[in-house]
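A.B. asks: This is the structure, below, for whatever I ask next.
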Amino acid sequence: MSDQLILNEYKQQIADLYSRRSQTYDDSDWHPRIAHRLVEHARISSGQHVLDIATGTGMAAIEAAQFVGSEGRVVGVDISNGMLEQARRKVEALGFRNIEFQLADAEALDFPENNFDVVLCSSAFIWMSDLNAALRLWHRLLKPGGLIGFHAFAETAFVGGVVAQKVAEKYGISYAMSKPTGTIEKCHDLLAAGGFEAIEINPEQDGGYISLEQAKRMWAGSEHPAPGQFPNPLSQLSSEQLEQAKAEFEAELEALVTEQGIWNDVTIFFAFGRKPIDHSS
Ligand SMILES: C[S@@+](CC[C@H](N)C(=O)[O-])C[C@H]1O[C@@H](n2cnc3c(N)ncnc32)[C@H](O)[C@@H]1O
């Protein structure tokens, strides 16, 4: 198995970002929760063959491995060696033998067609550069009747992102972030266009108050990769404009402060669909 992948600049930036974060990634409070809920919704059963797309440190994959048991198999793929290292370390400590991790681009997988019972993608779908093409590829890898499940944030989620988008628009910049999957209808339409049926989108309302300082730290600037967009659209701005945009971002956040802090919506969608069974053959 290769530990080297040839990635374009967009994907290399993502891989580097997550490799840098890999040692502390599992400390995040929402990623484990989301992965857990996605697996729970998928109702994985014993003996199934599961693909965990952009598995990261293997959170969803490891949970799925417990459901598929010794008769089943889980494969987790990711472009970040650092994240996969953490995933492999956890699996070794657990002694699981029904799970493997591969360094691979989720948009260029060469598994055989009709191979998996379940394909999962937790906290990562938005990073794909072509959401429709990715879904079509994953559809091919599923067995007829197989289940796809991805998680997405609502377009109202993360106050920092929402305010950054508003500020960017003033500069004529469209910052996509969670917009492509940001409503129930959009998740539904993406799955339908990918050829899936029996589509179910389960919204879960979450969120909490955060401090102004926490909200200000959500400014990602132009160095950070932007989901689905390369280069980061903010890189069109001069350094003076960027500084000004950041000041406007902070002023907008200050206007949102209440006695409890700033409300940070974290509405989540768990989107599921099935590959149709072809009754004609
Ligand atoms: C926020 S993490 C999610 C990890 C894990 N699924 C979870 O639930 O915690 C996003 C992950 O997507 C991976 N990723 C992004 N684009 C990818 C691609 N095209 N192919 C494979 N992995 C990708 C990143 O390397 C990173 O590990």
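A.B. asks: Using helices alone, I'd like the mean residue ellipticity at 222 nm for the chain: each DSSP H run of four-plus residues gives -39500 (n - 2.57), total over residue count, nearest 500. List each step's numbers first, then the result.
C.D. replies: Numbers: 9 runs with 103 residues, N = 281.
Rounded to the nearest 500, it is -11000 deg cm²/dmol.
A.B. asks: Once you keep just the Cα pairs under 8 angstrom separated by 6 or more residues, what percentage relative contact order results for the chain?
C.D. replies: Working: 544 pairs, mean separation 54.6, N = 281.
Contact order relative to length: 19 percent.
A.B. asks: Here's a follow-up. Between Glu113 and Ser129, with labels modelled 7 Å along Cα→Cβ, what's the label distance in nm to one decimal, could you check?
C.D. replies: 2.5 nm
A.B. asks: Any chance you could list P(r) for the chain, counting all Cα-Cα pairs in 10 angstrom bins from zero, rounded to whole %?
C.D. replies: Cα pair-distance distribution for the chain, in percent: 6, 27, 35, 22, 8, 1, 0.
A.B. asks: Moving on to the next point. Over the chain, what is the percentage of antiparallel beta bridges among all DSSP beta bridges, to the nearest 5? Intermediate values should be presented prior to the final figure.
C.D. replies: On the way: 19 of 38 bridges.
Bridges in the chain are about 50 percent antiparallel.
A.B. asks: State the extension gain, in nm to one decimal, for the chain segment bounded by Ala193 and Asp29, taking 0.36 nm per residue of separation less the distance between their alpha-carbons. Could the numbers behind the result be given before it?
C.D. replies: Working: separation 164, 0.36 × 164 = 59.04 nm, distance 3.26 nm.
Once the chain is fully extended between Ala193 and Asp29, it gains 55.8 nm.
A.B. asks: On a full-extension model of 0.36 nm per residue, what is the gain between Ala251 and Tyr209, subtracting their alpha-carbon distance, rounded to one decimal in nm? Numbers along the way, then the final one.
C.D. replies: Numbers: separation 42, 0.36 × 42 = 15.12 nm, distance 1.78 nm.
In short, 13.3 nm is gained.
A.B. asks: Give the aspartates and glutamates whose C-alpha is closer than 16 Å to that of Lys170, dropping any in the same chain fewer than 8 places away, or say none.
C.D. replies: Cross-link targets: Glu240, Glu243, Glu248, Glu250, Glu252.
A.B. asks: Then there is this: Out of Gln205, Leu242, Pro231, whose Cα points farthest toward the positive end of the dipole of the stretch 109-257 (charges: +1 Lys, Arg; -1 Asp, Glu; placed on Cβ)?
C.D. replies: Value computed over the given set: Pro231.
A.B. asks: Quick one: compute the contact order of the stretch 24-163, relative version, from alpha carbon pairs under 8 angstrom and 6+ residues apart, as a percent. Walk me through the intermediate numbers first.
C.D. replies: Details: 251 pairs, mean separation 33.7, N = 140.
About 24 percent, as a whole number.
A.B. asks: May I ask you to order 237-245, 126-134 by the average number of other C-beta atoms within 10 Å around their residues, highest value first? All intermediate terms of the calculation are to be shown ahead of the outcome.
C.D. replies: Details: 237-245: 13.2, 126-134: 18.1.
My ranking of the peptides, most packed first, is 126-134, 237-245.
A.B. asks: In addition: Over the alpha-carbon set of the stretch 92-147, divide Rg by the Kirkwood Rh and report the Rg/Rh ratio to two decimals. Each step should come with its number before you reach the end.
C.D. replies: Numbers: Rg = 12.7 Å, Rh = 12.7 Å.
Rounded to two decimals, Rg/Rh equals 1.00.
A.B. asks: Tell me which trypsin sites (Lys or Arg not before Pro) from the stretch 72-121 have a DSSP coil assignment and no more than 15 other beta carbons within 10 Å of their own.
C.D. replies: Numbers: sites: Arg73, Arg88, Arg89, Lys90, Arg97; in loops: Arg97.
In loop regions of the stretch 72-121 (DSSP not H, G, I, E or B), the sparsely surrounded trypsin sites (Lys or Arg not before Pro) are Arg97.
A.B. asks: A follow-up question, please. At 7 Å along the Cα-to-beta-carbon direction for both Trp263 and Glu9, put a label point, then send me their distance in nm to one decimal.
C.D. replies: Between Trp263 and Glu9, the simple spin-label model gives 4.0 nm.
A.B. asks: Enumerate the residues in the stretch 1-26 having an amide nitrogen under 17 Å from the point lying 7 Å beyond the Cα of Asn81 toward its Cβ.
C.D. replies: So the set is 1-9, 11-23.
A.B. asks: Are any of the pairs Lys11/Lys143; Lys179/Lys275; Lys143/Lys166 more than 32 Å apart by Cα-Cα distance, and if so, which?
C.D. replies: Details: Lys11/Lys143 28 Å; Lys179/Lys275 25 Å; Lys143/Lys166 42 Å.
Those over the limit are Lys143/Lys166.
A.B. asks: Oh, and also: For the chain, find the longest principal axis of its Cα atoms and tell me its angle to the long axis of helix 31-42, 0 to 90°, nearest 10.
C.D. replies: Once rounded, the angle reads 40 degrees.
No value in this document is a laboratory result; all are computed from the given coordinates. Because the structure is a prediction, the values reported are computed rather than measured. FYI the Cβ positions are ideal-geometry reconstructions off the backbone, even for glycines, and counts take in every protein chain you see.
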